[in-house]
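Q: This is the structure, below, for whatever I ask next.
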Amino acid sequence: MLVVMQARATPDEIRAICERIEALGFRSHSVEGSERYAIAVTGDLHGIESCGLEEMPGVHEIIRISKPYKLVSRESKPENTVIRFPNSDATIGGEEFAIIAGPCSVESRSQTLAVAEKVAAAGAKLFRGGAYKPRTSPYAFQGMGIEGLKILAEVRERFGMMIVTEAVDTEALAAIEDYADMIQIGARNMQNFSLLKSAGRSPLPVLLKRGLSATLEELLMAAEYIMSEGNRNVVLCERGVRTFADHSRNTLDLSVIPAAQKLSHLPIICDPSHGTGKRDRVIPLALASAAVGADGLMIEVHDDPDRALSDGPQSLFPNQFAAMVEQLRQILPAVHRTLGGVPKGISSTEARS
Ligand code: PEP
Ligand code: MN
């Protein structure tokens with residue numbers, strides 16, 4: 001349910017509405033837009049009418065949200081959400097196309113810094129790298145843990161990129177809050193509801209990857225878990241789903257991008273690295289993602305992919321990544337998106353080397 005306030009509603013009137021909602025045992029969430037101020041009501045609203053809210057001073061109207069996801073839906077917030085970071089001009093969901101790049105895993109300081117230097121020079125404003133890895137085999141490299149997070153913090157220090165890294169559980173999430181700028185929830189954890197709720201209580205924005213065989217509605221309901229705990233900064237990520245097709249690791253579902261944008265105000269980016277699993281498919285699908293209107297990309301890059309401890313076959317070489325960014329520069333104006341310049345202190349010739 002959405003309580004839309006009158007344009008001239010006073011802060012006291014708004015406070016009174018929120019107090020009434022909470023007293024009734026529901027949660028209130030302010031939804032601010034340039035056109036209107038509304039308060040979303042969540043909780044088990046079964047059989048509840050407007051609870052007298054309609055008659056309270058300052059209320060313009062009560063709108064019932066028909067979708068099972070409420071805070072995530074465009075019905076509750078018609079304007080696109082734009083994720084911003086303190087101390088960075090990086091955004092996700094605004095006019096600028098967001099690029100998150102880096103290795104699958106943080107393997108060592110030298111590997112991570114080498115990749116970071118290259119992707120920063122090519123124009124990435126956000127850096128990825130797993131310090132905690134969800135691996136199919138318990139014997140495969142599980143990540144460097146806290147030591148990996150410290151390396152990521154050094155990347156932010158040296159290159160100014162915002163750090164995106166995966167929380168595989170609530171313990172990792174707490175550690176990530178101390179070192180990184182954005183929490184990634186991986187495909188395997190998309191329906192780990194206690195982890196989603198913990199991420200919902202975090203001050204950091206959350207990158208939520210689509211589950212291995214999740215429908216769009218399941219993805220949006222997972223995002224609702226995060227938002228229902230108070231965190232409004234959620235970015236969705238299409239990373240391919242498992243299908244009968246065996247020519248690629250997963251099937252990147254580009255049609256989900258406009259579908260998600262129609263139903264939700266949240267940004268949605270594409271990950272063609274996991275979506276294809278094969279290096280030679282990553283750039284074509286990255287360009288297609290931009291063309292279809294994605295808000296950004298997540299791309300795995302490695303300086304020595306043959307020796308990578310995870311996902312080497314789908315990792316781009318740094319020079320391929322830089323070439324991809326140049327191609328994006330040509331495509332993005334056609335879909336009314338921009339690409340940030342190369343960060344200060346890094347020459348554009350270096351970016352292309
Ligand atoms: C990753 O980003 O390295 C990863 C494990 O992704 P996903 O959860 O999409 O498989
Ligand atoms: Mn990976």
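Q: Taking the criterion of being closer than 25 Å to Ala98 by Cα, open to solvent by 10 Å² or more (accessible area, probe 1.4 Å), β-branched (Val, Ile, Thr) and in contact (Cβ under 8 Å) with a residue 40 or more places away in the chain, would at least one residue in region 26-34 satisfy it?
A: Taking every residue of region 26-34 in turn, at least one turns out to be closer than 25 Å to Ala98 by Cα, open to solvent by 10 Å² or more (accessible area, probe 1.4 Å), β-branched (Val, Ile, Thr) and in contact (Cβ under 8 Å) with a residue 40 or more places away in the chain.
Q: Could you list, in sequence order, all residues of region 286-324 that are within 16 Å of ligand 2 (Cβ to nearest atom) and more than 17 Å from Gly102 (Cβ to Cβ)?
A: Residue satisfying the conditions is Asp306 alone.
Q: Would you mind telling me which numbered condition in (1) more than 23 Å from Asn80 (Cα to Cα); (2) within 15 Å of ligand 2 (Cβ to nearest atom) Ile283 fails?
A: (2)
Q: For region 242-281, which residues satisfy the criterion of being among the hydroxyl-bearing types (Ser, Thr, Tyr), assigned to a loop (DSSP other than H, G, I, E, B) and open to solvent by 40 Å² or more (accessible area, probe 1.4 Å)?
A: Within region 242-281, Thr243, Ser255 qualify.
Q: Taking Glu55 as the residue in question, decide whether it is crowded, with 22+ Cβ neighbours inside 10 Å and not aliphatic (A, V, I, L, M).
A: It is false that Glu55 is crowded, with 22+ Cβ neighbours inside 10 Å and not aliphatic (A, V, I, L, M).
Q: Report yes if Leu236 is part of a strand (DSSP E or B), open to solvent by less than 10 Å² (accessible area, probe 1.4 Å) and modelled with pLDDT of 95 or more, otherwise no.
A: Criteria met by Leu236.
Q: Something else now. So the check is Cβ under 8 Å with 6+ separation or different chains; which pairs have a first residue in region 215-244 that's among the acidic types (Asp, Glu) and a second one that's within 16 Å of ligand 2 (Cβ to nearest atom) and modelled with pLDDT of 95 or more?
A: Matching pairs, first to second residue: Glu218/Met190; Glu218/Gly211; Glu238/Arg210; Glu238/Leu252; Glu238/Ile269; Glu238/Cys270; Glu238/Asp271; Glu238/Gly275.
Q: If we keep just the residues of region 185-206 that are of a type outside the set (A, V, I, L, M) and within 16 Å of ligand 2 (Cβ to nearest atom), which is least open to solvent (accessible area, probe 1.4 Å)?
A: Gly186
Q: Sticking with this one: Please enumerate the residues belonging to region 25-44 that are assigned to a loop (DSSP other than H, G, I, E, B) and either in contact with a Gly (Cβ under 8 Å, 6 or more places away or on another chain) or more than 12 Å from Val3 (Cβ to Cβ) (or both).
A: Residues satisfying the conditions are Gly25, Phe26, Gly33, Ser34, Glu35, Gly43, Asp44.
Q: Here's another thing I want to ask about it. State whether one or more residues within region 131-142 are more than 15 Å from ligand 2 (Cβ to nearest atom), buried (at least 19 other Cβ atoms within 10 Å of the Cβ) and in the same structural domain as Arg249 (by TED's automatic domain parsing).
A: No; the residues of region 131-142 include none that is more than 15 Å from ligand 2 (Cβ to nearest atom), buried (at least 19 other Cβ atoms within 10 Å of the Cβ) and in the same structural domain as Arg249 (by TED's automatic domain parsing).
Q: Which members of region 191-233 meet the condition of being in contact with a helix residue (DSSP H, G or I) (Cβ under 6 Å, 6 or more places away or on another chain) and in a strand (DSSP E or B)?
A: Passing the criteria: Val206, Leu208, Lys209.
The values are calculated or read from the model by the stated rules, or taken from the named source; none is laboratory data. In this text the structure is predicted, and so the values were computed from the model without any measurement. All Cβ positions, glycine included, derive from the backbone under ideal geometry; neighbour counts span all protein chains shown. With ligands, DNA and RNA removed, areas are computed over all heavy atoms of the protein, side chains included. Shrake-Rupley method; radii C 1.70, N 1.55, O 1.52, S 1.80 Å.
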